[in-house]
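First comes the structure, then the notes that go with it.
Where a number appears in this text, it was derived from the coordinates with a stated rule and is not lab data. On a predicted model such as this, the values are computed, not experimentally measured, just so you know. Reconstructed Cβ throughout: ideal geometry from the backbone, glycine too, with neighbour counts over all protein chains shown.
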């Protein structure tokens with residue numbers, strides 16, 4: 001039996017969301033790499049075309065994924081920053097990063113801290129697009145079957161980032177956030193010359209929660225461990241709401 005996967009899940013929580021507000025000056029750029037245990041927007045069982053999810057696919061039904069992104073944020077003006085992200089997904093085992101999509105957005109600084117530190121508040125918004133495929137090859141009693149799950153999602157994320165900079169070397173951040181996605185999933189079964197397909201049509205996926213992080217400025221690098229608590233639905237009618245716990249870390253630099 002062979003299991004093969006290329007970005008089977010759609011992680012959306014980004015540790016980069018919780019990077020400190022108020023630090024960048026006009027013209028400065030912040031680059032970061034974020035990684036965290038992320039949830040999935042959809043799994044094989046969300047297509048609802050099988051009596052039960054195959055055991056080989058159950059590994060991708062839960063949040064057993066590492067969600068990563070590479071982010072660039074440019075402070076275009078005193079109160080406005082623009083940002084872009086490359087989203088990367090990979091299973092915990094085997095640990096192989098796989099690009100799955102990206103995001104583009106902006107942050108508006110609504111409360112500016114003093115040069116010596118204090119409180120800063122920024123409101124962010126970004127559009128996100130992701131597309132991934134899961135492939136499972138199964139064989140039993142001389143028969144073989146290939147299952148393909150394809151996922152597409154478009155959405156928006158809106159965080160409010162509140163940072164208190166204690167001193168030049170340490171800051172704490174809290175960030176309530178909302179996310180809304182439309183997702184489509186289709187499942188193709190290939191057995192010999194026979195092929196059949198079932199689909200979950202475009203369905204909403206909604207989530208909201210709060211994240212927190214601490215930022216440690218270590219010379220040229222900034223280290224930001226954080227965690228998020230999130231209430232999230234799954235796609236399709238009657239989808240249950242889940243409470244998720246998502247730790248993460250981000251490493252960045254300013255220039």
Notebook entry, point to check: Restricting attention to the alpha-carbon atoms of region 105-228, what are Rg (one decimal) and Dmax (integer), both in Å?
Noted result: 22.4, 71
Note to self: Could you check the spin-label model distance between residue 253 and residue 170? Points 7 Å from the Cα along Cα→Cβ, value in nm.
What the structure shows: 2.5 nm
Next item on the list: May I ask for the distance between the Cα centers of region 110-151 and region 215-234, given as a whole number of Å?
Entry: 16 Å
Item checked: Where labels lie 7 Å past Cα in the beta-carbon direction, separation of residue 29 and residue 78 in nm -> 2.5 nm
Next item on the list: Using the 2.2 N^0.38 Å rule of thumb for compact globular proteins, work out how region 135-196 stacks up: its C-alpha Rg over that value, please.
Entry: 2.18
Next item on the list: Pull out the extension gain between residue 243 and residue 133, defined as 0.36 nm times the separation in residues minus the alpha carbon to alpha carbon distance; nm, one decimal.
Entry: 37.0 nm
Next item on the list: Normalising by the residue count of region 141-221, find the relative contact order in percent from Cα pairs under 8 Å and 6+ residues apart.
Entry: 33 percent
